[in-house]
Amino acid sequence: MTDDDLTAIAARYGTPTYVYDLDGVEAQVTRLRAAFPGADVHYAVKANANGALLRFLASLGLGAEALTTGELERAVRAGFPPERILLGGPGHTPALVKRAAEVGVGLVSLDGEGAWRIWREARAPDTRFLIRVNPGFDPRTHEHLATAAPHAKFGIPRAKAMALAEEVAATRRLAGFHVHAGSMIAEVEVARLVVEALSPLYDRFPDLDTVDVGGGFAVPDAPLEAFAEHFLPFARARGLRLVIEPGRFLVADAGTLLTRVLHVKHGALRHVIADAGMADLLRPALYGAHHPVRVLPTEGAATAPAAAPAASVPTPAVPIPATPTSAIPTTAVPTDVDGPLCENADRLARHVDLPDVAPGDLLAVGRAGAYGFAMASNYASSLRPAEVVSRKGEARLARRRETPEDLWRLEDEAQRSS
Ligand code: LLP
């Protein structure tokens with residue numbers, strides 16, 4: 001997609017709007033499959049659960065990794081075959097287990113003995129289990145994302161994992177072990193440590209057929225091939241199916257958050273106040289994450305509609321018109337790009353160089369396809385952005401922008417029913 005395409009989308013659907021370039025997603029799937037030939041890829045739904053995106057990923061033959069009832073239902077609805085759904089996560093409840101068994105999920109990752117106690121009672125003769133191990137090492141990432149760390153709540157320490165494995169294996173439904181070291185993993189050493197953690201478990205249980213080494217590949221440039229050099233030989237040597245469960249790597253770079261400049265203020269720094277902030281993209285506020293921001297051509301900005309079409313109006317796929325690119329001023333001034341809400345953390349980018357901008361200008365916040373809309377909220381009664389998908393030059397609305405009515409719809413329902 002070009003910047004002119006993005007400008008045309010902002011003009012048509014308003015801002016803030018997330019845009020997902022499905023061609024870009026497909027290219028990442030291809031990259032991943034090339035790096036991990038034969039691996040069983042389960043997309044981590046938590047990264048971006050938009051229905052159009054999920055349907056697209058299912059159509060490419062991927063499996064899904066889900067952890068909540070909502071993700072499970074979304075995965076089923078999007079057309080992932082149940083046997084290609086892997087249910088993970090540390091919070092299994094009897095209701096979730098019942099539903100997952102009903103649906104017939106193929107694999108379940110047991111995060112603890114508590115989950116097994118629930119699953120043991122469920123009628124799920126065909127479900128097979130992984131035991132998630134806490135390998136207890138530092139995966140060299142942001143502490144919020146370091147799930148392998150010894151203090152993290154995830155998985156089971158190795159000795160206990162072996163004991164639980166005995167118990168599950170006795171039911172003939174133990175498929176293998178699972179380590180997800182963390183997210184935004186960029187160092188090859190982490191892959192080596194994962195294999196080192198798993199080896200003794202497979203020595204002890206040589207008849208297993210699956211190993212799940214998690215997801216977490218950093219964007220933009222995780223050394224996939226180098227990771228694969230650790231995982232593939234391990235799996236091959238032991239005759240194991242290699243499962244990977246990436247989220248961010250497949251969708252982050254294909255996603256852009258379009259936002260419009262509301263005001264520009266000059267103080268100790270230049271503050272560009274945009275119409276998107278922490279309610280729309282939480283990562284800068286929560287993790288100090290860096291998302292590249294660039295100025296888009298502003299053709300048609302002054303007459304852009306403020307809101308997306310109403311939900312009931314079907315939106316046809318529209319060819320994206322090729323609009324001319326206006327010149328972008330180039331004087332860079334140290335800038336915070338802030339959101340419209342009332343707290344300091346409400347920020348999209350900190351201390352960045354950005355050309356001169358004026359109210360009405362359009363900004364593209366990059367690398368926003370993963371954990372962007374997925375973590376958007378109604379904080380300050382913000383209305384969650386529209387989502388647009390683009391495929392082969394055609395853009396279409398995939399989720400309309402929320403309206404104020406969406407904010408109180410559930411309250412009104414509650415009032416009517418009480
Ligand atoms: N598998 C498991 C068991 C996970 O917990 C996760 C992510 C993934 C796979 C996918 O990881 P990915 O490939 O997307 O890195 N909200 C944070 C990310 C939290 C990741 C949680 N678990 C962020 O915005 O960076």
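Taking amide H as placed 1.01 Å from N in the peptide plane, the amide H of Arg350 sits under 5 Å from that of Val337, each at least 5 places away or on another chain. Using only side-chain charges placed at the Cβ, +1 for Lys and Arg and -1 for Asp and Glu, the dipole size of region 59-190 relative to its Cα centre rounds to 380 debye. Ordering Val97, Val219, Val293 by the projection of their Cα atoms onto the charge dipole of the chain, which places +1 on the Cβ of Lys and Arg and -1 on the Cβ of Asp and Glu, puts Val97 at the extreme positive end.
For the chain, the longest piece that avoids every one of the trypsin sites (Lys or Arg not before Pro) found in DSSP loops with at most 11 other C-beta atoms within 10 Å covers 173-391. Annotation: the residues Thr259, Thr15, Thr30, sorted from fewest to most other C-beta atoms within 10 Å of their own C-beta, follow the order Thr30, Thr15, Thr259.
I want the local charge near Thr210. Using Cβ-Cβ distances under 9 Å, sum +1 for each Lys or Arg and -1 for each Asp or Glu among the other residues.
Charge balance near Thr210 sits at -1.
Taking 0.36 nm per residue of separation and subtracting the current Cα-Cα distance, fully stretching the chain between Thr69 and Asp356 would add 98.7 nm. Could you tell me which of Phe177, Val194, Pro150 has its Cα farthest along the dipole of region 129-203 towards the positive end, charges placed at Cβ (Lys, Arg +1; Asp, Glu -1), taken about the Cα centre? Farthest along the dipole direction, towards plus: Phe177.
Please state the charge dipole magnitude for the chain, taken about the Cα centre, from unit charges on C-beta atoms (+1 on K and R, -1 on D and E), reported in debye and rounded to the nearest 20.
840
Straightening the chain between His271 and Asp406 buys 45.5 nm, computed as 0.36 nm per residue apart minus the Cα-Cα spacing. Evaluated with a Cβ-only charge set (Lys, Arg +1; Asp, Glu -1), region 35-98 carries a dipole of roughly 160 debye about its Cα centre, given to the nearest 20.
Counted by Cβ distance under 12 Å from Pro284, the other residues give a net charge of 0, where Lys and Arg count +1 and Asp and Glu count -1. Among the lysines of the chain, pairs that are 8 or more positions apart or on different chains and have alpha carbons within less than 30 Å of each other number 6. The label point for Thr2 and the one for Arg123, both projected 7 Å from the Cα toward the Cβ, are 6.0 nm apart. Farthest toward the positive end of the dipole of region 349-418, out of Val365, Leu397, Leu407, is the Cα of Leu397, where the dipole comes from beta carbon charges about the Cα centre.
Each value in this text was obtained by applying a stated rule to the coordinates, not by laboratory testing. All of these numbers come straight from a predicted model, not from anything done at the bench. We place every Cβ from the backbone using ideal geometry, glycine too, and count neighbours over all the protein chains shown.
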